[in-house]
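In what follows, a single structure is set out as structure tokens and then discussed.
The values are calculated or read from the model by the stated rules, or taken from the named source; none is laboratory data. Quick caveat, the model's predicted, so the values are computed rather than measured. Using ideal geometry, Cβ is built from the backbone for each residue, glycine included, and neighbour counts are taken over all protein chains shown.
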């Protein structure tokens, strides 16, 4: 069997794939009582058309998807050749506007009065320009109106996510063999980034290396602190492979850990397992957070778990659905998200363990497969 880290590039998505996605998006918008969707450069536009402009500038590019009618994308004239080459170009009408003309007037002609879902990545100046031309038009964010637009992954998407996770796992396996003590966090982070690239990532999004007290900051990336014998080190890293994201966290230890460090790591390991065991179709997303958080709280560390337990992943490393208190969305097969509880003791150390999980008909399936036990590094 071909290793998931080295397999050939998967077949590209086809015009038929994008046509089906556009039809599903229009139906979802209609069911939500919307007049249509307005997609600007970013993950939503990429998902529905395959188009990713070389540069995202102040010049407006927008795909208009009415609930009843032909999708139309308007682009700057100088970018039209690129748009014509996009994989989904045959499933929408293409028009353009020229510098010196009013781009908002040209875009407004594609719309009408109504309420639209607008890409979260849209520029405010573009929305304001359109609202000035169409005072009877209103917009709501895509995440608010259609949080499930990209949440359910098909088999091809799951395959790409699995390959990205396997590549991140391979990078973790390799990083355990390098020396930590006496090196800066940035040195280890550079090693991690190189390994992600080596195992097929086209883009490295982040490499968190939080040693000792820096590990108590969940968003500490890496700095010049020299890693010392006796440090706990949080490693959180990921990026894009085959167009889809990876994101995993493991916490390692330099030398022999203390009893407290072992205890905290074991609590986080058990909390991560509890969150995973709560995954099944029909369960509200908030229940994953509750399952992991309850275990940490019962162990006496609730105040040191300071973030949600997870986020969706796909074309981007953070997207709906979110595993957080108050999220009533019920899980469906094909959803992919992280489960990443943590405990952070200020001034001392932090521990986090993260896997990407997908919902199946029977429950959950981990895409990351590296051991959860504390690894000892040099």
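Assorted remarks:
- Failed criterion for residue 268 (all others in (1) within 28 Å of residue 213 (Cα to Cα); (2) without any contact (Cβ under 8 Å) to a residue 24 or more places away in the chain hold): (2)
- Every residue from the stretch 353-374 that is touching a helix residue (DSSP H, G or I) at 6+ places or on another chain (Cβ under 9 Å) and over 16 Å from residue 288 (Cα atoms): 367, 368, 369, 370, 372, 373, 374
- Sole residue being within 28 Å of the chain's Cα centre (by Cα), under 26 Å from residue 157 (Cβ atoms) and touching a residue at least 60 places away in the same chain (Cβ under 8 Å), chosen from 49, 86, 40: 40
- Test for residue 303: is it in the same structural domain as residue 214 (by TED's automatic domain parsing), over 21 Å from residue 162 (Cβ atoms), surrounded by fewer than 21 Cβ atoms within 10 Å (Cβ to Cβ) and touching a strand residue (DSSP E or B) at 6+ places or on another chain (Cβ under 8 Å): no
- Scan of the stretch 128-138 for residues that are surrounded by 17 or more Cβ atoms within 10 Å (Cβ to Cβ) and out of contact with any helix residue (DSSP H, G or I) (no Cβ under 6 Å at 6 or more places or on another chain), ordered by number: 137
- For the stretch 207-255, the set of residues classified as modelled with pLDDT under 95 and either more than 14 Å from residue 340 (Cβ to Cβ) or assigned to a strand (DSSP E or B) (or both) consists of 220, 221, 222, 223, listed by residue number.
- Single condition residue 308 does not satisfy, out of (1) in a loop (DSSP other than H, G, I, E, B); (2) within 26 Å of residue 160 (Cβ to Cβ); (3) touching a residue at least 40 places away in the same chain (Cβ under 8 Å): (3)
- For the stretch 106-122, residues that are touching a helix residue (DSSP H, G or I) at 6+ places or on another chain (Cβ under 6 Å) and either surrounded by fewer than 21 Cβ atoms within 10 Å (Cβ to Cβ) or part of a loop (DSSP other than H, G, I, E, B) (or both) total 3.
- Being closer than 19 Å to residue 15 by Cβ, assigned by TED's automatic domain parsing to the domain that holds residue 331 and part of a helix (DSSP H, G or I) is a property that residue 160 has.
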